[in-house]
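These notes concern the structure reproduced below.
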Amino acid sequence: MRKKYVVGNWKMFKTSETALNYFSDLQNKLRDSTTVLPDIGICSPAVFLQELSPLKRSVHLYAQNVHWEPEGAFTGEISTQMLLGCNITGSLVAHSERRQYFNETNLSAGKKLNALLSQNLQAIYCVGESLQERESGEFNNIIETQLKDAFIQCSQEVKNHIQTSAKEHNSTQISVHPQPLSIAYEPVWAIGTGKAATVKDAHDVHQFIRKVLSEIFDHETANSIRILYGGSVKASNAVEYLSDDKIDGALIGGASLNPDDFFKICCLTNL
Ligand code: PEP
């Protein structure tokens, strides 16, 4: 069983004060909730991570980006060592806004995955097609390339780590969560546009992604990796996605900015 995972992405929003208030408020709400909750994560701007980390109770805390080198002359970047020093869960990799505005490629994404996973940090790897790629019918090929070209950058050790975690997860039947790796399927045309993919479209792509993962790793590993849907998920449509058997959770941008809205979505997963 893959436990559902709901992850908020704050993008480049919030101040130190609003971030701290939100993080405490959300965790208090979760502590007081009587609902069965999913795993929950927040991807914060890097500058708040150090302040948020000591407040972390039930919520996993992620960076939104990371560099693949442990240190060096890379002005403006942050490293896995810095995340480890702040006791952070991991990082998003290759969010479509990074691909679109900051030249993130499958190659750089693969190096980041390798850096995170080899340091026992977790990665949420984002894949997804543009509107043009969707309309041309080429989207499955694009997504397959995003997965295969990135994971080819990962060492055998990293692949073994993912496979071993999957085996442990499957053999105990206990949720050893989060697993080192999650995938987020985020069609670019659905992010921040209010135009969500249909559940059927997301379901089909998730099934396809799992097939590709089984070619990269193996069937058992592919079965343990959570695949989240992202793109204009909000409280009014979240149930449809979260109740689909191929959709293991959601990566939520705009609707995660308000803790009440985000908490509401977290509580919908067991409906
Ligand atoms: C995102 O930032 O990953 C995202 C899916 O954004 P939104 O929910 O606003 O579409």
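Scanning the range 72-99 for residues that are in contact with a helix residue (DSSP H, G or I) (Cβ under 7 Å, 6 or more places away or on another chain), surrounded by fewer than 24 Cβ atoms within 10 Å (Cβ to Cβ), on the phi < 0 side of the Ramachandran plot and not hydroxyl-bearing (Ser, Thr, Tyr) yields ILE78, CYS86.
Quick one: in the range 12-71, of everything that is open to solvent by 50 Å² or more (accessible area, probe 1.4 Å) and of a type in the set (S, T, N, Q), which residue is nearest to LEU92 (Cα to Cα)? Taking the candidates together, the pick is GLN50.
Going by the conditions given, is GLU104 touching a helix residue (DSSP H, G or I) at 6+ places or on another chain (Cβ under 7 Å), within 16 Å of the ligand (Cβ to nearest atom), under 18 Å from TYR229 (Cβ atoms) and in a loop (DSSP other than H, G, I, E, B)?
On the way: touching a helix residue (DSSP H, G or I) at 6+ places or on another chain (Cβ under 7 Å): yes; within 16 Å of the ligand (Cβ to nearest atom): yes; under 18 Å from TYR229 (Cβ atoms): no; in a loop (DSSP other than H, G, I, E, B): yes.
Considered against the rule, which asks whether it is touching a helix residue (DSSP H, G or I) at 6+ places or on another chain (Cβ under 7 Å), within 16 Å of the ligand (Cβ to nearest atom), under 18 Å from TYR229 (Cβ atoms) and in a loop (DSSP other than H, G, I, E, B), GLU104 comes out as no.
Count of the range 107-144 residues, restricted to those that are open to solvent by 60 Å² or more (accessible area, probe 1.4 Å) and out of contact with any Leu (no Cβ under 7 Å at 6 or more places or on another chain), is 10. Determine whether the range 54-75 contains at least one residue that is among the polar types (S, T, N, Q) and over 30 Å from TRP189 (Cα atoms). Yes - at least one qualifying residue is present in the range 54-75. Only one of the listed residues (ALA197, ALA255, ALA235) is assigned to a loop (DSSP other than H, G, I, E, B) and surrounded by fewer than 22 Cβ atoms within 10 Å (Cβ to Cβ). That residue is ALA235. Applying a threshold of 6 Å to beta carbon distances and a minimum spacing of six or more residues, or different chains, the list of pairs starting in the range 118-134 at a residue that is away from the ligand (no atom under 15 Å from the Cβ) and ending at one that is open to solvent by 10 Å² or more (accessible area, probe 1.4 Å) reads GLN122/THR89; GLN122/PRO178; GLN122/PRO180; GLU133/PHE139; GLU133/ILE142. Report, by residue number, each residue of the range 134-187 that is outside any helix (DSSP H, G or I), modelled with pLDDT under 95, small (Gly, Ala, Ser) and closer than 17 Å to GLU220 by Cα. Result: SER175, single match. Exactly one residue among SER182, SER224, SER214, SER243 is under 23 Å from ALA123 (Cα atoms), among the hydroxyl-bearing types (Ser, Thr, Tyr) and open to solvent by 10 Å² or more (accessible area, probe 1.4 Å), and that residue is SER214.
Looking at GLY192, GLY230, which one is within 13 Å of the ligand (Cβ to nearest atom) and surrounded by fewer than 17 Cβ atoms within 10 Å (Cβ to Cβ)? Before you say what the answer is, go through the steps one by one.
Numbers: GLY230 fails: surrounded by fewer than 17 Cβ atoms within 10 Å (Cβ to Cβ).
Selected residue: GLY192, the only one of GLY192, GLY230 that is within 13 Å of the ligand (Cβ to nearest atom) and surrounded by fewer than 17 Cβ atoms within 10 Å (Cβ to Cβ).
Number of residues in the range 67-101 that are within 18 Å of the chain's Cα centre (by Cα) and within 16 Å of the ligand (Cβ to nearest atom): the value is 11.
Can you tell me which residue among SER243, SER214 is under 30 Å from ASN160 (Cβ atoms), of a type outside the set (Asp, Glu) and more than 15 Å from the ligand (Cβ to nearest atom)? Walk me through how you get there before you give the answer.
Numbers: SER243 fails: under 30 Å from ASN160 (Cβ atoms).
Criteria check complete, one pass: SER214.
Close Cβ contacts (under 6 Å, 6 or more residues apart or on different chains) running from residues in the range 15-37 that are within 13 Å of ILE265 (Cβ to Cβ) to residues that are open to solvent by less than 50 Å² (accessible area, probe 1.4 Å) and among the β-branched types (Val, Ile, Thr) are absent.
The values are calculated or read from the model by the stated rules, or taken from the named source; none is laboratory data. Everything numeric in this text was worked out from a predicted model, so none of it was measured. Every residue, glycine as well, gets a Cβ built from its backbone with ideal geometry; the counts of neighbours run over all protein chains shown. Accessible surface is based on the protein model in full, side chains and every heavy atom, while ligands, DNA and RNA are left aside. Shrake-Rupley method; radii C 1.70, N 1.55, O 1.52, S 1.80 Å.
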